[in-house]
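The values are calculated or read from the model by the stated rules, or taken from the named source; none is laboratory data. Since we're looking at a predicted model, the values are computed, not measured. Quick reminder, even Gly has a Cβ in these numbers, built from the backbone with ideal geometry, and neighbours come from all protein chains shown. With ligands, DNA and RNA removed, areas are computed over all heavy atoms of the protein, side chains included. Shrake-Rupley method; radii C 1.70, N 1.55, O 1.52, S 1.80 Å.
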Amino acid sequence: MVFRSLLLITGLLLFTKSGFSQSAKISGHIYSAGEAVTNVNVNFPKSGIGVISDSTGFYEIENIPLGKKQMRASSIGFETFTKEINFLNDTTIRLDIHLTSLSGSLNEVVITGTMKEIRWSESPVPVEIITPKLFQKNPTPSLFEAVGMLNGVKPQLNCNVCNTGDIHINGMEGPYTMILIDGMPIVSALSTVYGLSGIPNSMVERIEVVKGPASSLYGSEAMGGIINVITKNPIRAPKLSTDVFATSWGEISVDASAKFKAGKATSLIGLNYFNYQNPIDNNNDNFTDVTLQNRISIFNKWDFRRDKNRVASIAGRYVYENRWGGEMNWSTKWRGSDSIYGESIY
């Protein structure tokens, strides 16, 4: 009887010990370019556990279920770090994480500052790079609002009625900010109004920004700076990409892009659609609170190759827009008249 009791107690102790050992722990520091990175979200998405790194970049996660787990570390301005880890009994892992800055890659090739391809680290002109990952963290219906995340770049609304504005760089007026698409200037002084509205976000590979005079290369319109939208290479672009944005007021923005092959050519086509058709006057001043807009933009880019070498590249863009704001009883039949106040762009 005593022997059986001892066996029972021993079994319970072993079971209890094994029950307490069915989890693991991981800890470490997070760095970027030798500096500690704070407020990094470190988690295991499928397990629902995670922490935020402290002021020294240190993180520690306990009670991790055993087995293979996908670890993720993410923070605004850095590439997301992922790693698969196999946790065994009583596992305590030390893992330091090194994050790569989205805008600080020394091997990034830029073209805006010198009109030719050159490594970011070797460019004589400071070029700031933003990627879709950065402005996807702060969703906006157009690139016009997205570039406002950069220091020194300020989208400014000049007309509350028709909702048009321009982009100031380092305090210079909008006409002195040049907008380029793949290095080609567009619509002169109105570029900040229409250059960044209607470009499908899904087609953007990166945006290069030069803050400061570049008139020696690009002319007087670039005295304030340059915003160069680099679209994706059709060869490397995903087959299908979509992005839908909506608000409780009834604003709808749809981005979509797709690529296809035609012989030795590859085509990437993108669509941006924005619509708001709900006149609202919450402050009872007989004026529309939000400008009514209906805009569609189609962007198509072709890449022609022979023996895997690019022979030519061609792109086209179509934009249709009809927007208006003003007195609540204004309609398009009053366009061009002075009977009822309204501002419209067609």
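Using only Cα coordinates, the Kirkwood hydrodynamic radius of region 251-301 works out to 13.5 Å. How charged is the neighbourhood of residue 221? Take every other residue with its Cβ under 14 Å from the Cβ of residue 221, and add Lys/Arg as +1 and Asp/Glu as -1. So the surrounding residues net to -2. At a probe radius of 1.4 angstrom, the accessible area of region 275-335 per residue rounds to 59 square angstrom. Once the 1.4 Å probe is applied to the protein heavy atoms, region 30-76 comes out at 55 Å² accessible per residue. So the label point goes 7 Å from the Cα of residue 186 along Cα→C-beta, right? Which residues of region 143-162 then have their backbone N under 20 Å from it? Flagged as within label range: 143-150, 153-158.
Order the peptides 246-255, 271-280 from the highest to the lowest mean number of other Cβ atoms within 10 Å of their residues. Intermediate results must be reported in sequence, preceding the final value.
Values: 246-255: 13.9, 271-280: 17.2.
Highest mean packing first, the order is 271-280, 246-255.
Report note on the peptides 200-210, 286-296: ranked by the mean count of other C-beta atoms within 10 Å, highest first, their order is 200-210, 286-296.
Ordered from longest to shortest, the equivalent ellipsoid semi-axes for region 227-346 are 41, 16, 9 Å, each the square root of 5 times a Cα gyration tensor eigenvalue. Between the residues 314, 304, 331, the greatest Cα displacement towards the positive end of the dipole of region 295-335, with unit charges on the Cβ of Lys, Arg, Asp and Glu, is found for 304. To the nearest whole percent, what portion of all C-alpha pairs in region 213-276 is separated by more than 12 angstrom? That tail contains 76 percent of the Cα-Cα pairs.
Placing R0 at 22 angstrom, the Cβ-Cβ distance between residue 91 and residue 55 gives a FRET efficiency of 0.20 after rounding to 0.05. Only Lys, Arg, Asp and Glu carry charge here, each on its Cβ (+1 for the first two, -1 for the last two); on that basis region 32-98 has a dipole of about 320 debye about its Cα centre.
In order along region 246-251, the Karplus-derived 3J(HN,Hα) couplings, from 6.51 cos²θ - 1.76 cosθ + 1.60 at θ = phi - 60°, round to 8, 10, 5, 7, x, 6 Hz, and Gly and Pro are given as x. Think of each Lys and Arg Cβ as +1 and each Asp and Glu Cβ as -1; about the Cα centre, that makes the dipole of region 212-282 roughly 720 debye. Dividing the convex hull volume of the alpha-carbon atoms in region 281-346 by its residue count gives 99 Å³ per residue. Applying the Karplus relation 6.51 cos²θ - 1.76 cosθ + 1.60 with θ = phi - 60° to region 79-89 yields 3J(HN,Hα) values of 5, 6, 9, 10, 7, 8, 10, 9, 8, 10, 4 Hz, where x marks Gly and Pro. Remark: region 309-326, residue by residue, has Karplus-estimated 3J(HN,Hα) of 9, 5, 9, 7, 9, 9, 9, x, 9, 10, 10, 10, 8, 9, 10, 7, x, x Hz, where x stands for each Gly or Pro and the curve is 6.51 cos²θ - 1.76 cosθ + 1.60 at θ = phi - 60°. A simple count of charges around residue 325, restricted to other residues whose Cβ falls under 15 Å of its Cβ and scoring Lys, Arg +1 and Asp, Glu -1, yields -4.
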